[in-house]
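**Student:** Before I ask anything, let me first share the structure, which is written out below as structure tokens.
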Amino acid sequence: MLDIHFIREHADLIRESCRKRRVVLDVDRLLSLDTTRRQIIHQIETVRADRKRSSKSKPSDEQIMRLRGLGEQIKRLELELSTLEPGYKELLLQVPNLTDPKAPEGGEGDFKIVAQHGSVPSFDFQPQDHETIMTGLGILDLERGSKVAASKFYFLKNDGVLLNLALIRYGIDLVSQYGYELVQTPDVARNEILAGIGFTPRGPETQVYSIENTELSLIGTAEITMGGYHAGEILDLSRGPKKYLAISQCFRTEGGAYGKVSKGLFRVHEFTKLEMFIFCRPEESEQMHAELLRIEREICDGLHLVYRVIDIAAADLGAPAYRKYDLEAWMTMKEEGGRRGGWGEITSASNCTDYQARRLNIQYRKPDGSTEFVHTLNGTAIALSRFPVAIIEQYQQGDGSVEVPEVLQKYMGKRVIGSS
RNA sequence: GGAGAGGUCGCAUAGUGGUCGAGUGCGCUUGCUUGGAAAGCAAGUAUAUCCGCAAGGGUAUCGCGGGUUCGAAUCCCGCCCUCUCCGCCA
């Protein structure tokens, strides 16, 4: 959510931002609703002031007649306000965050490649996708996942489990060096928290599972619970940003996302994720964004993954993000230009500026005693299912076995998966 | 899951229909006092929003939402949360 004052005073900037993001939004309607809304509020307050003055002591019978009239007048105005308010709020919530002027223009395909690490591997055998390899090794069972739960759920077994645990432990050990506090969060959250972060808990385009007969949903990411962690609080950031490393289970409905691009473990309904989340002062957020990206790269560098960093284009940003970088690992399951192999997202780092903080009412105390909304940022440390996909596919051997990345060997207690 | 108690200004408490945005104590800030401190004395001590160049003024907020009433911290209903006891359980 943006500040209505800001929108009022910078309508052109908002229009420009919407254009860049290809968001269709009637800014003029929002502004006119805002004006009407304030007029009605002013009227209500004037009548209330009158009533309040007259209600200081017990009124006479004639006075009561007049006060009744005032009460009815207030009710009428309040009704008028309450019919206008939902449309106003909905429109206000639809206004996306401002966009970093440095973000590339355009849509999904218009990202800018910022960096690439490693060169695309060439195999002296026919490389397979992770589903084939893992199923062959007996460490992944998608069929029984469907039988027991539903399509896009899965069982992991033996080294598949150990690889996941090793990745998590590796991520924790690496990120903890940088002053991130480790947190395990609930895997469910109130719908108002989901909405505050920018998720739509209900409705046709929802990405989240809601829990029947409650106001709770399964979270799609610990970004939700961590954003909610400090909701409604005034933080002390005098000793620097609050940095968290949160682990949670993540659930996504992924409505209609089937087909080749999402085969195997690439797009599933449930996975575990280690997520970095930062609350900081506005002037620090750009630097923190760089830190998130640097750590994400260090994680992938340590695993010797082939990956690239992309700067997401404005129209592909999603409402809360001001700027976003993705890391994409090279994967054999992907196809590009009819050739086997391509890039698949494994992590993402977003600077949401004060967009989430305003909705969740998270502020910090300035030295002069006043308060201001914090900036929030989030970045993936380790996303299970996607990291394993990249590792299995990049580390596969001709005999169907998979080498274990060196940094994970001490956590797994082995150097190879599937070789006797 | 069952039964009860409760959520008021940083903290602790008072307040059961109007004079309550809210008393008192503690804490905090400032001033007086002091060689300095403590004590004492005095004043102050929320947030949001609207109008206004400002001074200033209006309104809202006593867990949240609704209702009754001319008027609600106070009465009624729903929800959330906390505590105690019982049951169950990894």
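**Student:** Which one of A:Lys410, A:Lys334, A:Lys366 is without any contact (Cβ under 8 Å) to a residue 40 or more places away in the chain, under 30 Å from A:Gly138 (Cβ atoms) and outside the structural domain of A:Glu16 (by TED's automatic domain parsing)?
**Tutor:** Exactly one of A:Lys410, A:Lys334, A:Lys366 is without any contact (Cβ under 8 Å) to a residue 40 or more places away in the chain, under 30 Å from A:Gly138 (Cβ atoms) and outside the structural domain of A:Glu16 (by TED's automatic domain parsing), namely A:Lys410.
**Student:** Pairs please, first residue from the stretch A:69-89 and hydroxyl-bearing (Ser, Thr, Tyr), second anywhere and more than 13 Å from RNA strand B (Cβ to nearest atom) and assigned to a helix (DSSP H, G or I), Cβ atoms under 8 Å, 6+ apart in sequence or on different chains.
**Tutor:** Between residues of the stretch A:69-89 that are hydroxyl-bearing (Ser, Thr, Tyr) and residues that are more than 13 Å from RNA strand B (Cβ to nearest atom) and assigned to a helix (DSSP H, G or I), the close pairs are A:Tyr88/A:Leu30; A:Tyr88/A:Leu33.
**Student:** List every residue pair whose Cβ atoms lie under 9 Å apart, where the two residues are 6 or more positions apart in sequence or sit on different chains, the first residue falls within the stretch A:52-68 and is among the basic types (Lys, Arg), and the second residue, located anywhere, is within 6 Å of RNA strand B (Cβ to nearest atom).
**Tutor:** Between residues of the stretch A:52-68 that are among the basic types (Lys, Arg) and residues that are within 6 Å of RNA strand B (Cβ to nearest atom), the close pairs are A:Arg66/A:Pro59.
**Student:** Of all the residues that make up the stretch A:210-251, how many are among the hydroxyl-bearing types (Ser, Thr, Tyr) and either closer than 23 Å to A:Ile168 by Cβ or touching a helix residue (DSSP H, G or I) at 6+ places or on another chain (Cβ under 6 Å) (or both)?
**Tutor:** 6
**Student:** Looking only at strands (runs of 3 or more DSSP E) that lie completely in the stretch A:230-323, which have at least 1 residues being within 20 Å of the chain's Cα centre (by Cα) and of a type in the set (Lys, Arg)?
**Tutor:** Once the strands (runs of 3 or more DSSP E) in the stretch A:230-323 are filtered for at least 1 residues that are within 20 Å of the chain's Cα centre (by Cα) and of a type in the set (Lys, Arg), what remains is A:242-251, A:270-280.
**Student:** A:Leu235 fails exactly one of the following numbered conditions: (1) in contact (Cβ under 8 Å) with a residue 40 or more places away in the chain; (2) closer than 26 Å to A:Leu408 by Cβ. What is the number of that condition?
**Tutor:** (2)
**Student:** Now for a different question. Do any helices (runs of 4 or more DSSP H) entirely within the stretch A:121-217 hold 2 or more residues that are away from RNA strand B (no atom under 16 Å from the Cβ) and touching a strand residue (DSSP E or B) at 6+ places or on another chain (Cβ under 7 Å), and if so, which?
**Tutor:** Correct list: A:130-137, A:142-148, A:159-176.
Residues are listed down the side, and each one gets a yes or a no for (1) closer than 27 Å to A:Glu298 by Cα; (2) of a type in the set (A, V, I, L, M):
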position: A:Lys58; (1), (2): no, no
position: A:Glu78; (1), (2): no, no
position: A:Leu92; (1), (2): no, yes
position: A:Val95; (1), (2): no, yes
position: A:Gly118; (1), (2): yes, no
position: A:Leu137; (1), (2): no, yes
position: A:Leu142; (1), (2): no, yes
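**Student:** Any chance the stretch A:373-393 includes a residue that's of a type in the set (Gly, Ala, Ser) and closer than 20 Å to A:Ser122 by Cα?
**Tutor:** yes
**Student:** Of the numbered conditions (1) in contact with a His (Cβ under 9 Å, 6 or more places away or on another chain); (2) surrounded by 15 or more Cβ atoms within 10 Å (Cβ to Cβ), A:Leu137 fails exactly one; give the number of that condition.
**Tutor:** Looking at each condition in turn, A:Leu137 falls short on (1).
**Student:** Among the residues that make up the stretch A:136-158, is at least one of them in contact (Cβ under 8 Å) with a residue 24 or more places away in the chain and closer than 14 Å to A:Thr272 by Cβ?
**Tutor:** yes
**Student:** Of all residues in the stretch A:358-387 being under 16 Å from A:Phe199 (Cα atoms) and at pLDDT 90 or above, which is nearest to RNA strand B (Cβ to nearest atom)?
**Tutor:** A:Thr376
**Student:** Please report, ordered by residue number, the helices (runs of 4 or more DSSP H) entirely within the stretch A:1-76 with at least 1 residues that are within 11 Å of RNA strand B (Cβ to nearest atom) and surrounded by 12 or more Cβ atoms within 10 Å (Cβ to Cβ).
**Tutor:** Helices (runs of 4 or more DSSP H) meeting the threshold: A:4-9, A:27-54.
**Student:** Which number in (1) closer than 27 Å to A:Gly318 by Cβ; (2) in the same structural domain as A:Ile299 (by TED's automatic domain parsing); (3) buried (at least 17 other Cβ atoms within 10 Å of the Cβ) marks the one condition that A:Thr99 misses?
**Tutor:** (2)
**Student:** Could you check, for the stretch A:91-104, whether at least one of its residues is away from RNA strand B (no atom under 16 Å from the Cβ), among the basic types (Lys, Arg) and within 30 Å of A:Arg359 (Cα to Cα)?
**Tutor:** Scanning the stretch A:91-104, I find at least one residue that is away from RNA strand B (no atom under 16 Å from the Cβ), among the basic types (Lys, Arg) and within 30 Å of A:Arg359 (Cα to Cα), so the answer is yes.
**Student:** Applying the selection to the stretch A:214-229, what residues are among the hydroxyl-bearing types (Ser, Thr, Tyr) and either under 19 Å from the mean Cα position of the chain (by Cα) or surrounded by 24 or more Cβ atoms within 10 Å (Cβ to Cβ) (or both)?
**Tutor:** Of everything in the stretch A:214-229, those that are among the hydroxyl-bearing types (Ser, Thr, Tyr) and either under 19 Å from the mean Cα position of the chain (by Cα) or surrounded by 24 or more Cβ atoms within 10 Å (Cβ to Cβ) (or both) turn out to be A:Ser217, A:Thr221, A:Thr225, A:Tyr229.
The values are calculated or read from the model by the stated rules, or taken from the named source; none is laboratory data. Note that the coordinates shown come from a computational prediction; the quantities given were computed from them, not determined experimentally. Every residue, glycine among them, receives a Cβ derived from its backbone with ideal geometry; neighbour counts consider all protein chains shown.
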